[in-house]
Amino acid sequence: MNKDLKGLCLFLGMIGLAYAAILIITMLFTGVKILKSIVFISAFSSFLISLGLTPHVKQRLVQVIKQKVALYK
């Protein structure tokens, strides 16, 4: 996949996650039942972000998460 397409996937994924965060805030303040939409948007946005990341970056993220989890054990 070329760099432009990866960048587009990352950009759209981040916009989707920001939109899901706005929906969560809206849900908390208004009590609207939009949980299914939030889950779908978050899952799709996470998929787009994972498409845009290179394998090296994915490995580094997994290492950092494992280190953070090890600190809490």
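Here are the numbers:
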read-out: Region 20-33 residues that are closer than 15 Å to Phe44 by Cβ and of a type outside the set (Ser, Thr, Tyr), paired with ones that are open to solvent by less than 70 Å² (accessible area, probe 1.4 Å) and assigned to a helix (DSSP H, G or I) (beta carbon under 8 Å, 6 or more apart); value: Ala20/Ile38; Ala20/Ile41; Ala20/Ser42; Ala20/Ser45; Leu23/Ser37; Leu23/Ile38; Leu23/Ile41
read-out: Qualifying positions in region 34-61 - over 12 Å from the mean Cα position of the chain (by Cα), of a type outside the set (A, V, I, L, M, F, W, C) and in a helix (DSSP H, G or I); value: Lys36, Ser37, Pro55, His56, Lys58, Gln59, Arg60
read-out: Tabulated pairs, region 51-73, first on the phi < 0 side of the Ramachandran plot and surrounded by 11 or more Cβ atoms within 10 Å (Cβ to Cβ), second small (Gly, Ala, Ser) and in a helix (DSSP H, G or I), C-beta under 7 angstrom, 6+ apart or interchain; value: Gly52/Gly7; Gly52/Gly13
read-out: Residue that is nearest to the chain's Cα centre (by Cα) [pool: residues in region 1-33 that are surrounded by 14 or more Cβ atoms within 10 Å (Cβ to Cβ) and over 23 Å from Leu61 (Cβ atoms)]; value: Leu23
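The values are calculated or read from the model by the stated rules, or taken from the named source; none is laboratory data. These numbers come from a predicted model, not from an experiment. Please note: Cβ atoms are built from the backbone with ideal geometry, for glycine as well, and neighbour counts cover all protein chains shown. Remember, those area values only see protein heavy atoms, side chains included, never the ligands or the DNA or RNA. Shrake-Rupley method; radii C 1.70, N 1.55, O 1.52, S 1.80 Å.
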